[in-house]
Amino acid sequence: MDNTPILELKNISMRFRSVQALKDVDFDLREGEVHALVGENGAGKSTMMRILAGIYNDYEGTYIFGGKPVRFRNPHDALEQGIGMIHQELSVIPSLTVAENLYLGRQPLTRWGMVDWRKMRQNAEKELEHLGFNLDVQRNLEQYPLGTQQVVEVLRAIVSGAHVLIMDEPTSALSPAEVEELLALVDRLREQKRSIIYISHFLEEVLHVADRITILRNGEKIATLTREEASMNTLISLILGREVDYTPRGHHEIRSDTHKLLEVKGLTADVFQNIDFDIGEGEIVGLYGAIGAGHFDLARALFGLYTFDSGTIAVDGQVFPPKHSARYAIDHGLSYATESRRKSLLMDHAIYRNVTMPHLKHIGRYIPTQDQELAIATPVIQKVNVVPPDPMNPVGKLSGGNQQKVAIARWLTFPPKVFITSEPTRGMDVGAKNEVLNILRQFRNDGFGVLVVSSEPETVLAIADRVLVMSRGQIVARMVNENLDKDALMRLI
């Protein structure tokens with residue numbers, strides 16, 4: 001591999017109001033290299049990515065690309081130069097075909113100005129064949145699994161002319177098999193001399209895929225290591241600057257006569273069947289399964305966001321009506337933090353407004369004032385350690401992990417009897433994961449019930465008192481979390 005950088009950042013600094021997001025950061029990328037970027041939420045990774053992709057241009061320092069100083073005005077400028085970004089949240093359109101997604105906004109035209117569908121299909125087939133993929137380009141993307149949709153997202157950037165790819169948490173929502181498929185694509189792109197900046201909180205994945213790894217902490221570059229120099233312990237130590245215990249906690253004893261806060265009996269819909277389980281006072285139940293197992297839809301059904309055909313849901317002994325709404329669920333002691341932050345948060349609104357949004361009728365007599373909302377929101381924002389902790393800061397300017405903290409904080413203001421949270425630590429660094437899990441443990445210790453829905457076995461094992469495993473819409477195992485390990489869970493799905 002040629003050691004000459006094709007891209008360099010020198011002494012890059014950037015500030016948002018009173019927060020120094022980056023301070024004198026150096027970074028470089030070589031041809032045919034996968035250079036990983038790791039650090040805690042708020043370390044500056046998102047800011048640096050956005051500078052590289054042309055989203056931010058009001059930074060201090062020098063950006064060199066192709067041997068020349070550049071300052072992109074917008075992402076289009078960056079893409080014109082061959083730099084593309086694949087965001088954590090998919091931007092493909094599932095209802096369109098594979099070919100239409102690959103050429104979205106750049107469809108080939110006939111001489112009469114109409115879309116040349118035949119040429120687009122042929123071009124798509126040729127590009128996919130060159131990249132080693134055999135997909136039916138006339139098939140709607142929604143007919144493919146999520147992992148394939150993520151692959152198409154990457155391929156779209158390549159078809160658009162990108163030789164440098166910035167990949168932000170590309171595997172955070174994928175099953176183990178889909179992760180392998182995407183990492184195989186990354187290896188193939190490296191062989192084709194494409195260069196990749198790879199951002200991930202999955203350190204095992206980083207150690208597997210990266211040629212070099214740069215660690216950021218508090219907006220500063222701490223080190224750049226080769227794959228041979230790096231280890232799990234070394235990365236964790238450099239990321240946090242302190243020692244943290246990451247071993248799963250011991251079993252939290254639950255008495256058999258504990259009062260049941262949530263009881264689900266015979267719940268059936270198109271994607272799950274005959275679901276029975278309960279959650280007692282002061283208990284965390286983990287619901288684990290691979291992507292597509294039906295556990296995320298089950299969580300939505302409990303909260304009134306997914307229609308079920310039969311069965312009952314009861315909170316603290318009160319049976320919910322069959323077609324209850326999310327508002328009914330909230331009013332009767334059930335809350336839910338979805339796995340998709342962008343669907344649950346108002347990205348352009350302040351942190352405090354996102355926290356108070358579901359509870360406005362409890363704040364003030366009529367329309368709450370800003371001071372009333374701030375008085376409610378500020379303590380929980382501080383409790384979950386949002387960085388930066390300014391309640392007036394728009395949620396969209398926070399890192400993914402801090403957005404997740406806001407999604408959880410909103411349910412700490414007026415605590416429910418049972419808190420359902422899907423993928424509570426998805427896309428979060430090791431330190432932030434611990435903080436969120438401790439918040440959920442405290443919720444349990446206060447006598448409430450928690451349902452943690454996840455496709456990450458590490459998360460379930462670290463937090464749950466009991467584990468339910470779902471596969472193909474059914475609960476296939478029920479276990480006390482005592483001496484369980486990752487392999488034992490993954491064998492069941």
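What follows draws every value from the coordinates through simple rules; no lab data is involved. If you're wondering where the values come from, they're calculated on a predicted model, not measured in any experiment. Every residue, glycine as well, gets a Cβ built from its backbone with ideal geometry; the counts of neighbours run over all protein chains shown.
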(message) Once each part is reduced to its C-alpha centroid, what is the distance from segment 108-183 to segment 13-57 in angstrom?
(response) 27
(request) Give the Rg/Rh ratio for segment 336-493, taking Rg as the radius of gyration of the Cα atoms and Rh as the Kirkwood radius, to two decimals. (result) 1.01
(message) Given points 7 Å out from each Cα along the Cα-Cβ axis, report the Ser340 to Lys383 separation in nanometres with one decimal.
(response) 2.8
(request) Using R₀ = 45 Å, calculate the FRET efficiency as 1/(1 + (r/R₀)^6) where r is the Cβ-Cβ separation of Gln474 and Lys10; round to 0.05. (result) 0.20
(message) Could you give each residue of segment 215-223 its phi-based ³J(HN,Hα) in whole Hz, using Karplus coefficients 6.51, -1.76, 1.60 with θ = phi - 60°, and x for Gly or Pro?
(response) 10, 10, 8, 6, x, 10, 6, 8, 6
(message) How high is the relative contact order of segment 260-490? Use alpha-carbon pairs under 8 Å, at least six apart in sequence, and give a whole percent.
(response) 30
(message) Below 8 Å between Cα atoms, with a sequence gap of 6+, how large is the relative contact order for segment 303-426 in percent?
(response) 34
(message) Please list, by residue number, everything in segment 435-455 whose backbone N is under 11 Å from a paramagnetic label point 7 Å out along Cα→Cβ of Thr258.
(response) 444-451
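Give me the Kirkwood hydrodynamic radius of the chain, using the inverse of the mean 1/r over all pairs of distinct Cα atoms, in Å to one decimal.
24.1
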(request) Output the pairs from Lys10/Lys45; Lys260/Lys323; Lys265/Lys323; Lys221/Lys433 with a Cα-Cα distance over 20 Å in this structure; if there are none, say none. (result) Lys260/Lys323; Lys221/Lys433
(message) Can you list residues from other chains, or at least 5 along the same chain, whose modelled amide H is less than 5 Å from the amide H of Ala223?
(response) Ile215
(message) At 0.36 nm per residue, and after removing the present C-alpha to C-alpha distance, how many nm does the segment from Asn3 to Glu60 gain when stretched out fully?
(response) 18.0 nm
(message) Modelling each spin label as a point 7 Å along the Cα-to-Cβ direction, I'd like the Gln20/Glu458 distance in nm, to one decimal.
(response) 3.0
(request) Could you name the lysines whose alpha carbon sits less than 21 Å from that of Lys193, not counting residues in the same chain fewer than 8 places away? (result) Lys68, Lys126
(request) Return the calculated 222 nm mean residue ellipticity for the chain, to the nearest 500 deg cm²/dmol, obtained by summing -39500 (n - 2.57) across DSSP H runs with n ≥ 4 and dividing by the residue count. (result) -9000 deg cm²/dmol
(request) Would you mind calculating the gained length between Ser237 and Leu104 on full extension (0.36 nm times residue separation, minus the Cα-Cα distance), in nm to one decimal? (result) 43.6 nm
(message) Over the chain, what is the relative contact order in percent, taking alpha-carbon pairs closer than 8 angstrom and at least six residues apart?
(response) 16
(message) Once R0 is set to 45 Å, what does the formula 1/(1 + (r/R0)^6) return for the Cβ-Cβ distance between Thr226 and Glu482, expressed as a FRET efficiency to the nearest 0.05?
(response) 0.65
(request) For the chain, find the longest principal axis of its Cα atoms and tell me its angle to the long axis of helix 117-130, 0 to 90°, nearest 10. (result) 90
(request) Assuming R0 = 45 Å, can you tell me the calculated FRET efficiency for the pair Ser95 and Tyr328, based on Cβ-Cβ distance, to the nearest 0.05? (result) 0.90
